[in-house]
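A.B. asks: After the structure tokens below, expect a handful of questions from me.
Values in this text are rule-based calculations from the coordinates and carry no lab data. Predicted model only: the values in this text are computed from it and were never measured. As a convention, Cβ positions derive from the backbone with ideal geometry for all residues, glycine included, and neighbour counts pool all protein chains shown.
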């Protein structure tokens with residue numbers, strides 16, 4: 001018997017055609033214009049079965065073997081459980097690195113981001129994914145330095161990466177590992 005594929009159908013007023021996607025979390029989504037019938041999405045999933053299974057398999061093999069399994073849990077309960085711990089962790093590490101880099105920032109926010117590790121706004125606000133606490137210390141420090149470096153360079157230019165490399169010489173290794181998770 002063929003493996004059952006779980007998927008969501010998203011109806012969109014803006015969609016012009018039917019689209020099939022597999023997210024980094026292994027979620028299969030059919031996005032379709034509102035008037036497209038449900039059976040059309042079902043048929044598309046069946047026609048693309050082999051492709052979907054290959055994508056899902058890639059997601060499994062892409063994940064780092066020694067990574068904390070909580071990195072792959074997307075529940076609201078987990079976020080609420082670890083948000084304050086992440087806030088305390090980030091406050092300490094950001095303060096440390098900001099001092100090292102001689103930078104000022106405004107506010108730190110902890111969020112439950114599905115596809116990002118962090119961000120930095122023009123207003124000097126730093127946002128971090130709560131899952132930062134499940135990373136190896138050198139990976140977490142890389143993320144913090146990365147976002148702080150945006151306070152000097154609000155882009156990913158060579159000048160930006162030079163700032164990151166000054167404080168985290170092995171940033172490329174950390175970046176590759178983190179990209180395997182999201």
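A.B. asks: State all residues of segment 92-115 that are in contact with a helix residue (DSSP H, G or I) (Cβ under 6 Å, 6 or more places away or on another chain) and in contact (Cβ under 8 Å) with a residue 60 or more places away in the chain; if no residue qualifies, say none.
C.D. replies: If the condition is that a residue be in contact with a helix residue (DSSP H, G or I) (Cβ under 6 Å, 6 or more places away or on another chain) and in contact (Cβ under 8 Å) with a residue 60 or more places away in the chain, then 97, 101 are the ones that fit.
A.B. asks: Does residue 132 fit the bill of being buried (at least 18 other Cβ atoms within 10 Å of the Cβ) and more than 17 Å from the chain's Cα centre (by Cα)?
C.D. replies: Here the answer is no, as residue 132 does not meet what is asked.
A.B. asks: For residue 79, which of the numbered conditions (1) over 15 Å from residue 147 (Cα atoms); (2) loosely packed, with under 15 Cβ neighbours inside 10 Å; (3) in contact with a helix residue (DSSP H, G or I) (Cβ under 9 Å, 6 or more places away or on another chain) fails to hold?
C.D. replies: (2)
A.B. asks: Additional query: For segment 21-29, state whether one or more residues are surrounded by 14 or more Cβ atoms within 10 Å (Cβ to Cβ), assigned to a helix (DSSP H, G or I) and under 18 Å from the mean Cα position of the chain (by Cα).
C.D. replies: no
A.B. asks: Right, here's the next one. Provide a single number: the residues in segment 33-70 that are assigned to a loop (DSSP other than H, G, I, E, B) and closer than 26 Å to residue 131 by Cβ.
C.D. replies: Total meeting the criteria: 6.
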